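Accompanying notes for the structure given below.
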Amino acid sequence: MASATATYGQKESSDQNFDYMFKILIIGNSSVGKTSFLFRYADDSFTPAFVSTVGIDFKVKTIYRNDKRIKLQIWDTAGQERYRTITTAYYRGAMGFILMYDITNEDSFNAVQDWSTQIKTYSWDNAQVLLVGNKCDMEDERVVSADRGRQLSEHLGFEFFEASAKDNINVKQTFERLVDIICEKMSESLDAGDPAVTGAKQGPQLTEQPAPPHQDCAC
Ligand code: GTP
Ligand code: MG
């Protein structure tokens, strides 16, 4: 298990291959598809087999966004309750969360509020959150409508996507939107002289980009 060194927007002097490193966590009930979502994004792969995550794991991916090379350190957490103490220890220092439920699983949707409370309890105040309703390829087994997902996301103040790790729907878009809102927040915080982020001020200011149109699942 590796340890995270992510500081908000901070540049690592030892590695010149990126401008910023963002630590992102994927959280949500067991079997909603967190590991599958990460594998689809990082490796463009998908397997129908379910191997429940033990504890926590991460993958790294560097993307070019907002004129910056951004290294994403994406942590895939175990959804099972028994790992909660381990996984919440990793919330600290995360700049973004993907909070995931499964559109075919009512319990996973009902748990979203609790996951949101966990974020508020264990993470930094400025952490950005995207709510994702995964498995939107399984329309026949849907029990949570897109409207309910959207309403809950508005209530919680999060942006919302429906997605499918299996069919590769809105996976890249989810990560890119999260990166964009982290960049926007970082830019705002720097403008306001927030001491929590002034460590990032050596680099040029990130330009703010208009929010892309809302993209829910097309399936
Ligand atoms: P934990 O590690 O226990 O927290 O679960 P997880 O959230 O990481 O779930 P995982 O990614 O292992 O996926 C659970 C099951 O759902 C696996 O059998 C996956 O193949 C399946 N699955 C994941 N995403 C999708 C999807 O978008 N569509 C469909 N149809 N199945 C999916
Ligand atoms: Mg997993």
Length gained, residue 49-residue 147, 0.36 nm per residue minus C-alpha separation, equals 32.3 nm
Of all chymotrypsin sites (Phe, Trp or Tyr not before Pro) in the range 28-120, the ones in DSSP coil with at most 14 other Cβ atoms within 10 Å are 50
In Å³ per residue, the alpha-carbon convex hull of the range 47-87 encloses 99 Å³
Simple SL model, points at 7 angstrom along Cα→Cβ for residue 192 and residue 69; separation in nm is 3.1 nm
So residue 176 and residue 62, fully extended at 0.36 nm per residue minus their Cα-Cα distance, gain in nm 39.9 nm
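Rule-based calculations on the coordinates, nothing more; no lab input. Just so it is clear, the model here is predicted, and its values are computed rather than measured. Glycine also receives a Cβ, built like all others from the backbone with ideal geometry; neighbour counts cover every protein chain displayed.
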